[in-house]
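Rule-based calculations on the coordinates, nothing more; no lab input. For clarity, every value in this text was computed on a predicted model and none was experimentally measured. Ideal geometry is used to build each Cβ from the backbone, glycine not excepted, and the neighbour counts take in all protein chains shown.
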Amino acid sequence: MSTQTAQPFTATVLGSPRIGPRRELKRATESYWAGRIGQDELKKVAAGLRRDTWAQLAAAGLDSVPVNTFSYYDQMLDTAVLLGALPARVGEVADELDRYFAAARGNAEIAPLEMTKWFDTNYHYIVPEIGPDTKFALNPAKVLAELNEAQAQGIPARPVIIGPLTFLLLSKAVDDAPAPVVRLDELTDVYGELLAKLADAGAEWVQIDEPVLVTDISADAPALAEQVYNRLGALSHRPSIFVATYFGDPGAGLAALARTPVEAIGVDLVYGSVASVVAAPELASKTLVAGVVDGHNIWRSDLQSALAKLASLLGSVGSLAVGTSCSLLHVPYSLEPETGLDDALRSWLAFGAEKVTEVAALARALKEGREAIADAIAASNAAVASRKSDPRLNNADVRGRIAAITTAGANRGSAAARRAAQDERLHLPPLPTTTIGSFPQTVDIRKARASLVAGEIDEAEYTRRMKAEIADVIKLQENLGLDVLVHGEPERNDMVQYFAEQLDGFFATANGWVQSYGSRCVRPPVLFGDVSRPHAMTVEWATYAQSLTDKPVKGMLTGPVTILAWSFVRDDQPMADTADQVALAIRDETVDLEAAGIAVIQVDEPALRELLPLRQVDQQSYLDWAVGAFRLSTSGVQDATQIHTHLCYSEFGEVIGAIADLDADVTSIEAARSHMEVLDDLNAIGFAGGVGPGVYDIHSPRVPSTGEMAASLREALEAVPAQRLWVNPDCGLKTRKTDEVTASLANLVAAAKDARTGL
Ligand code: GLN
Ligand code: ZN
């Protein structure tokens, strides 16, 4: 197969969801792990899903279909297998698939690889480990088998692999090895071997993903990409190469790729801009795969403006293909099961299947003229117009109130004034003990929720059962001797969904599942309109809990940034404006909690760092609006009401200044694993608030001893004065078992008492 013979394609997507339209793969893998089905059965389910996905993409009119985007767990882990880069410790597992799952999830003897967020999505990838002993060796069985399968099905198949630069820059060095990227040359040879194998197998095109080019992870990335693709492009025996960038503007990376001999380059034209494409003259001889259909969010394309974008590129590129901005992995399969939506709302949306149709329509318009898709354009225009004029997207009251509050300044009293007022109200001992909010989600709680959904019990019975749980949790905390209690969050299925279900401007999908990692899926709510709060959301539970005890009960809310981060958010106004609307609803809730006698309120922002933009130039303006939204949500209460926040990480990096700017009275953070380094980081920026570095690692079933927690506290006291130090676990307890939690918290309270004696 020589390079020049492959025809440019015209319509494609960068990848597809793979968990199954009814989460078939989730069920099958979990059954396999539990020993309920064998490998044959699991593989059958997987093959069926691949077959259906390819058939649908081809039938929709794509003339190039991605394959090898299927995964039993994760595409980075697949790439580690492809390159022979699994760590030695999993080598003892004889069976190939079990070895793969052991790397992903660990087993009794083997620690799993780490997992972290995939760029700015809610997907998490497995972080490959590159050590001094890692010997790259091509293992192309999976990609060749999938290519073969697709070809046998008559599919115009294009294998997709993660590129060497992205692979190495997202991997982690272990055992004192140097940064993995030093091995780029060596790894490029392995990719060269792979290209030859793919050519032998009849692949006309290969897609090589280099999303790392849209980030600032390495300033050298464009130059390194140029080296890699010059070398791979110079190989005589290979398929045509399509290098895909996505999740933003490739910046200098685009011109760098354009100078190499690769045949096609993909750019994200939803989150990136057309200007950089027009500015790269070398693109005149390339196929540009224009990602004009949003793969990262669920809104219907405005076909007319997408066509205008495409038309503006025609003179600058050799040939133009229509694509998605990124893989459709990040959106649900199809709108078809969403029967509960009103017609207007439904007309604004496009899930995976609908996006494929949009790509095909746009490609057809490029080929045959826009009249060929006149009906689709008319429908798209109608949807755009309906969305613009829908009253749910413009709530004058909400907008007016936000303007008034932000003009007046969303500030509280000085930290000193607040501290004095709170000390007088709360009378807490030094080193006060508390928890992060949730207590174990017991079988009874889950049963009650399922029965409510199934209609077996009514609201009143459900409420009665939740209150019984709350009473148990309050009694437990009183017995343990904690100082600031929580109601335990039994009524919350999920800390974002719980609020989204009660706020106007959101809707919950029936089947909008998206893979989060491995077999885990989430169903993000859709934030489509102006957000408002028709009624109080948490007051009943919090006041019930408070009625059972003389100790302060901490009200528990989710912050605006986290609510946005874990939802699909409207794209017709800046995120900052949407964040303020959510913040106003949370603010109203804090005011209601305060009026109901709640003296301590926690507003969780575990996702503050997750939404940080990929490019440094965009980060400060993000942090400004994120902090602004948090302060809007927490500045409606009196100085005597204590505001807590909770963050789920300990390496603050770029967000450390923002954490101080949140101006919460007390901040609890994950620190059980990082040995209080966080306190030094906070001191370095002059953080002066209350701080609770987690002394109990809730991510492990282990019960920490009093001695070790007391030792952590003494260590913390060297960095933070006793008046500012809080004692708490490092996250919510919902995933733990009641007996573990009881034992651990008993030790935690004892450790606090122990540490107090030295003061
Ligand atoms: N309040 C929440 C809980 O305890 C916080 C969860 C989180 O940090 N992700 O479950
Ligand atoms: Zn947490």
Sparse-neighbourhood loop hits (GluC sites (Glu not before Pro), the range 432-482; DSSP loop; Cβ within 10 Å at most 16 others) -> Glu456
What angle do you read, to the nearest 10 degrees and between 0 and 90, between the alpha-carbon axis of helix 738-757 and the longest principal axis of the chain?
60
Taking every alpha carbon pair in the range 208-258, what does the distance histogram look like in 10 angstrom bins from 0, in percent?
26, 55, 17, 1
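If you place +1 on the Cβ of every Lys and Arg, -1 on the Cβ of every Asp and Glu, and leave all else neutral, what size is the dipole of the chain about its Cα centre, to the nearest 20 Debye? Walk me through the numbers before you get to the answer.
Working: 67 positive and 99 negative charges, 171 e Å.
Computed charge dipole of the chain: roughly 820 debye.
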Which of the trypsin sites (Lys or Arg not before Pro) across the range 128-199 are loop residues per DSSP, with 13 or fewer other Cβ within 10 Å?
Lys135
With the Cα gyration tensor of the range 474-531 giving a ≥ b ≥ c as the square roots of its eigenvalues, does the rule (a/c under 1.5 for rounded; else a/b larger than b/c for prolate; else oblate) give rounded, prolate or oblate?
oblate
How do the peptides 433-444, 81-92, 323-334 rank, highest first, by the average count of neighbouring beta carbon atoms within 10 Å per residue?
323-334, 433-444, 81-92
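With a/c under 1.5 counting as rounded, go ahead and sort the range 379-498 into rounded, prolate or oblate using the C-alpha gyration tensor (a ≥ b ≥ c being the square roots of the eigenvalues; past the cut-off, prolate if a/b is larger than b/c, else oblate). All intermediate terms of the calculation are to be shown ahead of the outcome.
On the way: a/c = 3.47, a/b = 1.18, b/c = 2.93.
It is oblate, given that a/c is not under 1.5 and a/b is not larger than b/c.
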Relative to the longest principal axis of the chain, what angle (0 to 90°, nearest 10) does the C-alpha long axis of helix 96-105 take?
40
Would you mind checking the tilt of helix 396-408 against the longest principal axis of the Cα atoms of the chain, expressed as 0 to 90 degrees and rounded to 10?
70
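Can you compute the charge dipole magnitude of the range 445-503 about its Cα centre, using +1 on each Lys and Arg Cβ and -1 on each Asp and Glu Cβ, nothing else charged? Give it in debye, rounded to the nearest 20. Spell out each step's value before the answer.
On the way: 8 positive and 12 negative charges, 31 e Å.
With Lys and Arg at +1 and Asp and Glu at -1, about 140 debye.
Looking at the range 115-167, which chymotrypsin sites (Phe, Trp or Tyr not before Pro) are in a loop (DSSP not H, G, I, E or B) and have at most 10 other Cβ atoms within 10 Å? Walk me through the numbers on the way to the answer.
On the way: sites: Trp118, Phe119, Tyr123, Tyr125, Phe136, Phe167; in loops: Trp118, Phe119, Tyr123, Phe136.
Those that pass, being in a loop and sparsely packed, number zero.
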Quick one: if you take sqrt(5λ) for each eigenvalue of the C-alpha gyration tensor of the chain, what semi-axes come out, biggest first, whole angstrom?
46, 30, 25
